[in-house]
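Since the structure comes first, as structure tokens, the remarks are kept for the end.
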Amino acid sequence: MFRSFGLYSHIRANRIKSVLILCGFVALILVLTYALNLVAATYSYSDRYLTTGQIMALASRSMREDWIYAVAFSLTWFAIAFALHTRLIDASTGATVPGPAEQRRVFRLLEPLCISVGMPTPTIKVMQTDALNAFASGLSQGDASITVTTGLLARLNDRELAAVLGHELTHIKNQDVRLIVIAAIFAGILSFVGQITVRILLSSGGGGRDDRKGGGAGIAIIIAIALAALSWFLAILLKLALSRRREFLADAGSVELTKDPDAMISALKRIDDHAQIDNVPSLVQEAFIENPSTGFSSLFDTHPPIAARIDALVRYAGGNAEALIEGPLPAQAPQPLPGPSSDAAPSGPWGQGPAHPDALPSPGAPGASQGTFIPTPGQPLPWGPRKGG
């Protein structure tokens, strides 16, 4: 249904799928609310003989009002999580302002990319680690920041670093950070409520009711546990799937900004197998440009494999699968251009000039005709005839 035939159709298809995934989170919250209503209906009518169908009908009737409480609870959770988001990242990563040389290098590469898309330049931060990684943070363009590791700055040349910065800038431009935070909050709500529901029901043994009185109550409890567990599991998978989609989009966005797919491919190859950073929360790991696989057939991976990302860049952006850019690293300072020698002054179409502008003789002084070009009346000029002359 969402086949992609080029870079821009690939971006569009992934955006549509991301919206569908977010809709899936909303559906799971409603499913979990229904499971809670099943439990409430079972306990509320414990003194009456009700079939499973009757209990489910009561739960459906309660959903007409209870969805409002579910939304209010979710909004409150959202407000708290949004307020603590930036503090959590700053405290967990220890990112600091870079030194002058690092600041100049990153800013020199980042500012033209920001100008090209009409964005303010994000704050630049550095994380002290030998790992090769980077991530964007901030819930809006006004408070956005891009954090790079010292290992990334040391190992990548300017073309590769520009590609990585373009990747993170795309996350900010597409509001991916906000999207990932929303997904994490959804998953947190479903995980918290789902675990609490399952543990209460399991610890109470289905409410300790006499099934001879309750009729279908036991089956209703089993359905509620199954729905809560399924919502919890699917929320985790949807969150990870959303994160993986955004990485493909950010790679494509970097190519759109830099017009250099080979640089993105080369950067991913250098980052591969050197991106592991321990002791950071899962929300930060999901924002990394690369988060190594956890196994389980990639089911719980937050990022697509590097090989799959390179393949997408080759197929949709025209990149070279074998690209590995060799270039001067930042430690190799550029050599200054040779200046004019003391005994040879620069020359031009108007003759030999002096060694330094301060040495220009005044018109009419001895040697002025050798140091500067002073035309005499009627003499043709090297750049054409004088107007009106």
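The values are calculated or read from the model by the stated rules, or taken from the named source; none is laboratory data. Here the structure is a predicted model, which is why all the values come from computation and not from measurement. FYI the Cβ positions are ideal-geometry reconstructions off the backbone, even for glycines, and counts take in every protein chain you see. Note: accessible area is taken over every heavy atom of the protein model, side chains too, but ligands, DNA and RNA are not part of it. Shrake-Rupley method; radii C 1.70, N 1.55, O 1.52, S 1.80 Å.
Quick rundown of the values:
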{"item": "Residue count for region 47-75, restricted to those that are modelled with pLDDT of 80 or more, out of contact with any strand residue (DSSP E or B) (no Cβ under 9 Å at 6 or more places or on another chain) and open to solvent by 70 Å² or more (accessible area, probe 1.4 Å)", "result": "7"}
{"item": "Filtered residue count, region 265-293, keeping only those that are open to solvent by 30 Å² or more (accessible area, probe 1.4 Å) and farther than 22 Å from Phe186 by Cα", "result": "10"}
{"item": "Meets criteria (among the hydroxyl-bearing types (Ser, Thr, Tyr) and open to solvent by 30 Å² or more (accessible area, probe 1.4 Å)) for Ser145", "result": "no"}
{"item": "Residue in region 327-338 that is of a type in the set (Gly, Ala, Ser) and at pLDDT below 65 present", "result": "yes"}
{"item": "Test: residue in region 242-264 that is without any contact (Cβ under 8 Å) to a residue 12 or more places away in the chain and either under 20 Å from Leu152 (Cα atoms) or open to solvent by 40 Å² or more (accessible area, probe 1.4 Å) (or both)", "result": "yes"}
{"item": "Test set (1) open to solvent by 40 Å² or more (accessible area, probe 1.4 Å); (2) at pLDDT 85 or above; (3) closer than 30 Å to Leu201 by Cβ - Val26 fails condition number", "result": "(2)"}
{"item": "Subset of region 158-171 [out of contact with any Ser or Thr (no Cβ under 6 Å at 6 or more places or on another chain) and open to solvent by 10 Å² or more (accessible area, probe 1.4 Å)]", "result": "Asp158, Arg159"}
{"item": "Residue list for region 76-131, restricted to those being open to solvent by less than 60 Å² (accessible area, probe 1.4 Å), of a type in the set (A, V, I, L, M) and not in a helix (DSSP H, G or I)", "result": "Ala95, Met119, Ile124, Val126, Met127, Ala131"}
{"item": "Residue within region 185-197 that is in a helix (DSSP H, G or I), over 22 Å from Ile325 (Cα atoms) and either of a type in the set (D, E, K, R) or touching a Cys at 6+ places or on another chain (Cβ under 7 Å) (or both) present", "result": "no"}
{"item": "Residue that is modelled with the highest pLDDT, among those in region 216-237 that are under 30 Å from Leu313 (Cα atoms) and surrounded by fewer than 22 Cβ atoms within 10 Å (Cβ to Cβ)", "result": "Leu234"}
{"item": "Region 173-195, subset open to solvent by 10 Å² or more (accessible area, probe 1.4 Å) and under 26 Å from Leu313 (Cα atoms), residue nearest to the chain's Cα centre (by Cα)", "result": "Val177"}
{"item": "Yes/no for Gly166 being in a helix (DSSP H, G or I) and more than 16 Å from Ala79 (Cα to Cα)", "result": "yes"}
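Conditions tested, residue by residue: (1) of a type in the set (Ser, Thr, Tyr); (2) out of contact with any Leu (no Cβ under 8 Å at 6 or more places or on another chain); (3) modelled with pLDDT under 90.
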| site | (1), (2), (3) |
| --- | --- |
| Ala101 | no, yes, yes |
| Leu109 | no, no, no |
| Thr121 | yes, no, no |
| Asp130 | no, yes, no |
| Gly142 | no, yes, yes |
| Ile146 | no, no, no |
| Thr149 | yes, no, no |
| Leu153 | no, no, no |
